[in-house]
Structures are given as C-alpha cells and as structure tokens.
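Inspection log for the structure reproduced underneath, given as structure tokens.
Here, each number is a calculation from the coordinates, and none is a lab measurement. Just so we're clear, the structure is a prediction, and the values are computed from it rather than from any experiment. Cβ coordinates were reconstructed from backbone atoms using ideal geometry, including for glycine residues, and neighbour counts include every protein chain displayed.
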Amino acid sequence: MQAQAPQSQDLLYFEQQDPNCNHCQVHALNNVLGACVLIPETLKTFIGNQYNSDPTTEGWLYAFDTNTGFSDDAINLWMLQNNLHS
C-alpha cells in the first residue's frame, strides 16, 4: 500500500516562535485555535485601548512586559471580547 499525502484538513497549524521572542502566549493561542487569530501588535493595541479607556486601572500598565510577554488576563479579556473564550 502506498502512503498518501495528507489532505489539507489533516495538516496541523503551527506557529513557531522566533528565538529571543516573548510572544509565546500569542503563538500558543493561535496553535490551539489552529489559525492565526491574534498577532502581538493587535494585542498591544487592545491593551493600549483598555488603558486609555480607564487610566486609573494600573493593571493595564503591566499587561505586557518586554521580559515576560503578555499577561494571561489581557489575553483572556481579548478572547472574551472576541467570543473566543469558553
């Protein structure tokens, strides 16, 4: 029996993270969802908009850190507002 090439629906979506990059949560989310639904720039804009709508909420100042990446809370709220959270 000859091996068959996988059908397009059988292929797994996978985003590989660049070395020295701190966007692992974004890549992991896209990998779980099987498509590129979020990019770091979009999440940074979302965080900025949240902060600008209520600057007294200091948590948004810490929603992205150049060493550790994005906070889970920021990603969870983005998912909720985009109907991707269960």
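Using the Cβ-Cβ distance between K44 and Y13 with R0 set to 30 Å, the FRET efficiency from 1/(1 + (r/R0)^6) comes to roughly 0.85. Kindly express, to the nearest 10 degrees and within the range 0 to 90, the angle between helix 24-33's C-alpha long axis and the longest C-alpha principal axis of the chain. Result, in degrees: 50. In cubic angstrom, how much convex hull volume per residue do the alpha carbon atoms of the chain span? Dividing the Cα hull volume of the chain by its residue count gives 118 Å³. Note: relative contact order over segment 11-86, using C-alpha pairs below 8 Å and six or more positions apart, is 26 percent. The alpha carbon convex hull volume per residue for segment 39-86 rounds to 77 Å³. Each residue of segment 65-80 was assigned a 3J(HN,Hα) from its phi angle through the Karplus curve 6.51 cos²θ - 1.76 cosθ + 1.60 (θ = phi - 60°); the sequence is 10, 5, 8, 10, x, 7, 7, 4, 4, 5, 5, 4, 5, 4, 5, 4 Hz, with glycine and proline shown as x.
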